[in-house]
1. Relative to 2.2 N^0.38 Å, what does the C-alpha radius of gyration of chain A come to as a ratio? Two decimals please.
2. With labels modelled as points extended 7 Å from the Cα through the Cβ direction, what inter-label distance (nm, one decimal) is found for B:LYS560 paired with A:ASP184?
3. Against the longest principal axis of chain A, how steep is helix A:309-328, in degrees 0 to 90 to the nearest 10, with axes from Cα atoms?
4. Normalized C-alpha radius of gyration of the protein assembly as shown, against 2.2 N^0.38 Å?
5. Given the options A:VAL161, A:VAL46, A:VAL242, which has the most mean-square fluctuation in a GNM of chain A, springs set between C-alpha atoms less than 10 angstrom apart?
6. So which DSSP H runs in chain B come out at 20 Å plus along the axis (Cα) with average Kyte-Doolittle of at least -1.0?
7. Strictly over 20 Å apart at the Cα level, which of A:LYS255/A:LYS313; A:LYS44/B:LYS215; B:LYS455/B:LYS524 would you flag in this model?
8. Go from 0 up to the bin containing the longest alpha carbon distance in region B:498-573, width 5 Å each, and give me the % of pairs per bin.
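Each value in this text was obtained by applying a stated rule to the coordinates, not by laboratory testing. Note that the structure is a prediction, hence the values are computed from the model and not measured. Cβ sites come from the backbone with ideal geometry, for glycine too, and all protein chains shown count toward neighbours.
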Amino acid sequence: MRKLPVFEVIQPETEEELLLFRHKYHDRFMFSSGGTGLIPELKKRVYSPEVLISLQKISDYDYILYDQATDTLKIGATTKLKTIINSDLIEKYFSGLIDAAKSVAMPQVRNVATIGGNICLDTRCLFFNQSYEWRRGIDKCYKFGGEKCNAVKGGKRCFAVFAADIPIILISVNAKVKIMNELDEEVVIPLKEFYTGKGKKPNILKEGEFIKEIIIENISKKEAFFKKFRLRQSIDFPACSVAFSFDKDSNGKFKNPVAVLGAVDSGPVFVDLKGILEGKNFNDDEAIELSAKELEKRAKPVDNFSSTPYYRKKMVGILFKKIVQSLES
Amino acid sequence: MSNYKILGKGIPRIDTPQKATGDALYTADIKLPNMLVGKVLHSPLAHAKILNIDVSKAKKVPGVKAVITRDDTFGEKWGVFKYTRDHQLIASDKVRFIGEEVAAVAAVDEETALEALDLIKVDYEPLPAVFDAEEAMKDGAPLIHEDHPNNINIHVKIDVGDVDKAFEKAYLVREDKFTSKDEGYGMLEPYAVIAYYHSDGSIEIWMPNASPHTKAKALSNLLHIPLNKVIVRRPTIGGAFGGRSDIFPLDFITSLLSIKARRPVKVVYTREESMICTRQVHSMVMYAKTGVTKDGKILAQDIKVIMDGGAYSSTGPIAASVPFLVWEETYKLENVRLNSYRVYTNKPIRGMYRCHGRAFLGGLGMQLDMIAEELGIDPVEIRLRNALNPGDMQATKSKIYSCGLKEAIKKAAEKIEWDKKRGKLPFGRGVGIGANGMMCGFPMGIRGGSSCFVKFNEDGYPTIISGVIDNGQGNYHAMVQIASEVLGVPPEEIHIVAGDTEVTTLDVGAYSQAAVLVSGNAVKKACEDAKAQILKLASEMLNCSEDELDIENKIVFSKKDKSKQVPLHKVIRKGLIENRHVMGRGHYMPEVSNDREWVKNPVGQQATTFSFGANAVEVEVDTNTGEVKIINAVGFHDCGFPINIKGVQGQYEGSIASGGVGSTLKEEHIFKDGKVLNADFLEYKIPTSLDVPENVYADAVITNDPKGPFGAKEAGLFGSMNSFQAIANAIYDAVGVWIKDFPITPDKILKALEEKRLKDEG
């Protein structure tokens, strides 16, 4: 049994308190939202903060709103995955998000895990998410501030995997995130630009910055789908995942088709399929096959995660085809 | 089924309420006054000389009460057999795998212990290491134990009949290679030990175990404490699956810490430590050459298997033999040769496993089906043609008594609707079958038997005292149900004291499928002895002959005249006042050839009797992804007679989950340079409840074994030992590819399907 190390836990209840604490503890703390991804890693001493600022008690960021006038869906960052799964609004306007949320871990995790936490999930690697004892006797890798990659021989960068389920479907519908920056200002940016694509530091958040809200505009004009492959039907992170979206009411033809891949690189892989699929019928096998091939080509998994790179690459195309097949029926 | 009052029925287990309410105490739950927390320092290197260990700084940390290293031992080595004593249980001259125990600390709390561990300085001189068993056997490979050339730990050689000549007569000969990856056990309970050394020189120890008396014997040797002072207590145990039968370094280390600190010490291993520092499961490579007649009868078989045993012997000779023994317990093999090598590598130690031998048994089962196909014989039929019968002699000379193998095969085939489905389902769906026999016990010399006492209190309630141990499979309940049948006392009114070496006598343990046969026979005899004493006393009270008396629901009554009856407690009280205390005594020694030896003489009666079973599955393979789903699983088990039918069915359900979904389809340890990359339940893929099949049917084939208590035999291992072949064969039926490497993960199926497609297209 592994115990948590000693650290201080701060639980602000309002945004005001939160802002105060994040300045007070400056560079000695980590945020914890649901904590489901973080706690096991703290036990293993993968991260060793002196202070944990928990967002669990702040009710300000727990909401799902839909504004008819602007056709915009707004989700507070600490909204629990379970809330999303049970939300009629989400079911009505963005059911693909429910599929993605349902695929996260297992019910016990989804009861506490939050959408903001999933968006901010750190990249993972079989050589990084290991205990302090396990890491004795091997060199520090890039992600631990070292000068080598332990997973890929001679690797010139960190290959840790972008393993979050929710962000790829959000990116596929051009979702934006509202960030509270260092100066206590709210900044809205496309989620796609939130990610760096770098294993070592997967997002652009600076020390003390956090996400407040997820904004999805023109949501009723989009169709979005999500599929994930994992080795078991529960618990597991994706071995790979695919989100696919296009404009609604296109009469059985693709309009503005976009795919986003998860768990096959250090960031979400955005693939604009306009060049291949635009205007094509849902049952255009040739175009669909070409698209699947394109996705496989864009997936760049290495041997540092569940299953084999060969298979994860293959599965990207297969998952995509499964999504398209479901459209036809 | 029978006229038994209690046996055969599916009654709830006596230990269910404790487990369901959380009342059951597992080792990690137990707290003793003044207890210290222990932590172990493990080797970060796979192979290295230890030049120096400096613990001076660690000792100075406030709160540290004991630090131990190799210097605190008597230098004794342990091994299950005299000739396998290669393990000192705390590294002495060198370390041989990443994770080997080097030093340990006991302190007032975990933080202090961890702080002290960091201050222990070990100087190593790294040595070249080897992580592949076939590589390790090559000349020039680094030697892990200097006295074992080519790193061969155990070589079991069996040569029966005239194999070469028989091959000449064969109509068809096939040669195949099958492999399987390193595996883990996945007991949910993390390994934990509490040791409490007392000033009278005795030591109490709690740990999950599958044989308290074996643990006690090893600790007695290593600590130089006589056996009557080594008291292995009985906690509730959260699973063993073969992986708790041996002595582990932590048992010894925690004892040393307590002896040094003179206080109780508890060490609870992390999941990572549990998966690396207790036991793992052998990976293997098997080369099988089989020759058959035109009608599919096995004429000759030549098998070579190389098992990766890791750094030490553990149960090596047993592990090297069991897959073959299971095979010879299933089919007639008149000419057969085995060369089984268990090889040392710089990997964690490998032990026995409930699903041990997936490349071996799964491989031979697959090969049998390949042969059947080439000859145009149905897989069910080829099994029936080769299956053993009652009265047959196995290849290495064990006689078969009761045997319902053929009946089990036929029933499994019928239940899965074999004739309607095999080769006839749409592409992507298929059925497969597997079968095996299973020894009820091994020859273990003085350790092979069991004894039991029964005592009665003045209120007429009995207590059964038996050395049997229960790891979760229901052994305590089985004993109580047997006692209940004999004594005429309802199961819930019987108390059992078991698995505590302070009061129980030597017992065989729960790792050779012997508990029901051996411990059960001892319990039965003890209860019969007590019953005879009771009936004698009662006959005097009722003025009739003992023969006409029986007991039911704690009433002694005449079968001839029901008005003649007396409550049991009155009989007991009569015994007490007349100095004729009712004390039942029974012991049982299995009928095996005690000169049979795993390596030197693998010939003779291996077990008193054998159980049999067959298992058929229907699978659905997603031809796009290669994923396999088990739609239906049916198992028929010749367990002689089911003591508790629910227990037999539960064992099959577990077998399909662990041996079927887990071992066959999902589980493997991933290594890089001797380091385990997935020593946790996130990345080590034991099946979740969503991964196991919903439709599972199991029933018993009743053969009433002449040796077993009430005809009962082993009831656990048929599904786990033959799911590999059933599922692999079903996958072939579904999509036409053989996957010869376990686990059969979707990537392998997809790749094979692509290769097949390319081949079919020319």
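1. Values: Rg = 19.8 Å, N = 329, 2.2 N^0.38 = 19.9 Å.
Ratio of Rg to 2.2 N^0.38 Å for chain A: 0.99.
2. Rounded to a tenth, the inter-label distance reads 10.2 nm.
3. That works out to roughly 50 degrees.
4. Details: Rg = 31.6 Å, N = 1091, 2.2 N^0.38 = 31.4 Å.
That ratio works out to 1.01.
5. Ranking A:VAL161, A:VAL46, A:VAL242 by mean-square fluctuation puts A:VAL46 first.
6. On the way: long enough: B:520-542 (31 Å, -0.03); B:718-735 (25 Å, 0.59); B:746-760 (21 Å, -1.20).
Span-like helices here: B:520-542, B:718-735.
7. Details: A:LYS255/A:LYS313 25 Å; A:LYS44/B:LYS215 31 Å; B:LYS455/B:LYS524 14 Å.
From A:LYS255/A:LYS313; A:LYS44/B:LYS215; B:LYS455/B:LYS524, over 20 Å: A:LYS255/A:LYS313; A:LYS44/B:LYS215.
8. Cα pair-distance distribution for region B:498-573, in percent: 3, 15, 21, 16, 10, 11, 11, 9, 4, 0.
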